[in-house]
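One structure below.
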Amino acid sequence: MKYYKDYDLEDFLQDDSFRRWVAGEADATEGLWEEIVRLYPDKKVIMQQARELVLTWQEHSAIVTDQQLEDQVQRILHTTQAHTEVTERRFAITKYLSVAAAAAALVSGLTWFYFAADRDTTRSGRANYPAAIRPDSKTQELVNNLEKEMRLRLPDSSEVRLSPGARITYSQNFVHNKKREVFLSGEAFFDVTKDPQNPFFVYANGLVTRVLGTSFLVKATDTNVEVLVRSGRVSVLPLKDIENPTDRNTELLLTPNQQAIFSVKDNVISKSITNMPLELIKPDAEAGFVFENQPVSKVFYALEKVYGIPIVYDAAVMEKCSLRVELSNEPFFTKLDIITQTLGAAYRVSDGQVVISSEGCR
Amino acid sequence: MEQDLERWKKFKNGDAAVFEDMIRREFRALFEYGSRFIHDRDTLNDCIHDLFASLWDRRRFLADTDKIRPYLLKSLRNRLLKEIERTHALTPFESWHENRDAEDDIETRLISTETDERRKLQIGTVLHSLTPRQREIIHLKFFENLSHEQIAEVLDISRPAVANLLSQALRLFRDKWHTILPSLFMILFY
């Protein structure tokens, strides 16, 4: 026992038996630590410190309430149960499809609106979706044959602005398997109601867009699918990878003012910046974008903050660069032009970021 | 540990009840550990969800393990690192909100949970000065009570490296601690 005499704080902390004692777990060494306090009174303070530290660390916990735990358990079980059932259900649905009949009704003006059994799956591009993510046979489909944008509200009160010629399909039973799913061809802007328990999925020509609650635009043509984010965060991945949860390397996360372009032919997603980035927050009320001989780092920081677009530059090289510039309502890229031209620098857009190249300033 | 092996085998055979029980037992520990990497609860929930979903899908091909907790911690860790790497380009953006909030959060929580606010704040300051790596290793030791071998397995480093990292972190602790706290503890004790 004599080596305890040389124990320092970290020795106590690393001693498994000591930590069990602190945690109040009964142990073979019960009494040992009390004994040590008695034998080496000078260790008392250190032991108390070690005890406090362990307790503090254990106390600092990310609290998961019982309800949250239950929600998450159910969510996982839903997914895994769905996966187990895929094989049986796929067979059933194929059979069902072959007897499905179309029932169409002309509702208003030039707009088709109908409940139908899974009709016309090739035209809306759903034929290739795996059974597990195909909506129920009872679906609603809406085609905008008008010449102007059409607004509609989904059952979860999310708003969709459907462009002319676009088609949207969703299950009557809107929240299913803890997912909200819509199928899109053409262009639509989504303003999705936040509901983290039931993520919102947009399937468009081989691309899956997944969000919790946000606004974004999806533009699906035969060759490309574009996703532009207005607010919140959105993740996109090729449909072919959705049933492969172990390898989600192809999944891309988009933040406001970023856009993804998905090539249908190559099944590849690339990330860029929207043509006309919007201000996400208002610039500082007093200073705005007026900089009086400020270091570039400050200017870039202000831009990043307002537009949410990462700006990458070599801080060491540009350390001596400072700037006197007055900007106001110019579009993002005009602002960048002005700044880089003033500095004699250049920029390019790569992977959703702005990359500045400069040879530095004197 | 024998029990772990038995449960694991049942799970691999498709025993849904054992699987559910495993999620309930392990979820909080995974969340707790994950929250040291990712501060966004939605993303973390998604990662844990994906982890279990993928385990269930691949259950027939998984190797046996008699240490479920370390096995899951390691899998989650790999997933989170991938997630962080993938979203790395966004760090400047996210760091405005999430990281800063989280830092404040640790402190607020530390303060609010105890009556002795001043002491908690001091402890918070010490915890703050640790690197993420050091916090991680201290978490695995103090919170999960893992052995050096198990930590080595989770972090995918050698056992001596674990011992080394841990003692580094703890020495740092001691140094900071000694300069900040003695007076406080004197008051507590005498």
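The lone criterion from (1) surrounded by fewer than 15 Cβ atoms within 10 Å (Cβ to Cβ); (2) under 20 Å from A:VAL229 (Cβ atoms); (3) not assigned by TED's automatic domain parsing to the domain that holds A:ASP222 left unmet by A:PRO310 is number (1). Only residues that are crowded, with 20+ Cβ neighbours inside 10 Å, at the interface with chain A (Cβ under 10 Å from one of its Cβ atoms) and modelled with pLDDT of 80 or more: list them for the stretch B:147-190, please. Those that are crowded, with 20+ Cβ neighbours inside 10 Å, at the interface with chain A (Cβ under 10 Å from one of its Cβ atoms) and modelled with pLDDT of 80 or more: B:LEU166, B:ALA169, B:LEU170.
Just one of the listed residues (A:PHE183, A:PHE216, A:PHE190) is under 25 Å from A:GLU279 (Cβ atoms) and modelled with pLDDT of 90 or more, namely A:PHE190. For the stretch A:170-181, state whether one or more residues are assigned to a strand (DSSP E or B), surrounded by fewer than 18 Cβ atoms within 10 Å (Cβ to Cβ) and touching a Ser or Thr at 6+ places or on another chain (Cβ under 9 Å). Checked the stretch A:170-181: at least one residue is assigned to a strand (DSSP E or B), surrounded by fewer than 18 Cβ atoms within 10 Å (Cβ to Cβ) and touching a Ser or Thr at 6+ places or on another chain (Cβ under 9 Å). Note on the stretch A:326-339: residues that are over 26 Å from A:GLY232 (Cβ atoms) and surrounded by 17 or more Cβ atoms within 10 Å (Cβ to Cβ) amount to 2. Quick check on the stretch B:136-146: of everything there that is among the charged types (D, E, K, R) and more than 9 Å from every other protein chain (Cβ to nearest Cβ), which residue is nearest to the chain's Cα centre (by Cα)? Residue satisfying both the conditions and the ranking: B:GLU136. Of the residues making up the stretch B:48-65, those that are within 10 Å of chain A (Cβ to nearest Cβ) and not aliphatic (A, V, I, L, M) are B:HIS49, B:ASP50, B:PHE52, B:SER54, B:TRP56, B:ASP57, B:ARG58, B:ARG59.
When the criteria are applied in full, B:LEU76 fails the requirement of being under 30 Å from A:THR255 (Cα atoms), within 12 Å of chain A (Cβ to nearest Cβ), part of a helix (DSSP H, G or I) and modelled with pLDDT of 85 or more.
Counting only helices (runs of 4 or more DSSP H) that sit completely within the stretch A:1-82, those holding 3 or more residues that are within 12 Å of chain B (Cβ to nearest Cβ) and at pLDDT 80 or above correspond to A:9-14, A:16-22, A:44-59. Of all the listed residues (B:GLU26, B:GLU83, B:GLU32), the sole one being within 11 Å of chain A (Cβ to nearest Cβ), at pLDDT below 85 and part of a helix (DSSP H, G or I) is B:GLU83. In the set B:ASP42, B:ASP21, B:ASP15, only one residue is without any contact (Cβ under 8 Å) to a residue 40 or more places away in the chain and facing another protein chain (nearest Cβ under 8 Å); that residue is B:ASP42.
So, in the stretch B:38-61, of the ones that are at pLDDT below 85 and either surrounded by fewer than 18 Cβ atoms within 10 Å (Cβ to Cβ) or among the charged types (D, E, K, R) (or both), which residue ends up nearest to B:VAL18 (Cα to Cα)? Checked the stretch B:38-61; the qualifying residue nearest to B:VAL18 (Cα to Cα) is B:ARG60. Restricting attention to the stretch A:269-288, the residues being surrounded by fewer than 19 Cβ atoms within 10 Å (Cβ to Cβ), of a type in the set (A, V, I, L, M, F, W, C) and either within 14 Å of chain B (Cβ to nearest Cβ) or in contact (Cβ under 8 Å) with a residue 24 or more places away in the chain (or both) number 4.
On the given criteria, is A:GLN294 of a type outside the set (Gly, Ala, Ser), closer than 30 Å to A:ASP222 by Cα and touching a strand residue (DSSP E or B) at 6+ places or on another chain (Cβ under 7 Å)? For A:GLN294, the condition - of a type outside the set (Gly, Ala, Ser), closer than 30 Å to A:ASP222 by Cα and touching a strand residue (DSSP E or B) at 6+ places or on another chain (Cβ under 7 Å) - is not met. Scanning the stretch A:247-267 for residues that are free of Cβ contacts under 8 Å to residues at least 12 places away in the same chain and farther than 20 Å from B:LEU81 by Cβ yields a total of 1.
The values are calculated or read from the model by the stated rules, or taken from the named source; none is laboratory data. Computed from a predicted model, the values in this text were never measured in an experiment. Glycine also receives a Cβ, built like all others from the backbone with ideal geometry; neighbour counts cover every protein chain displayed.
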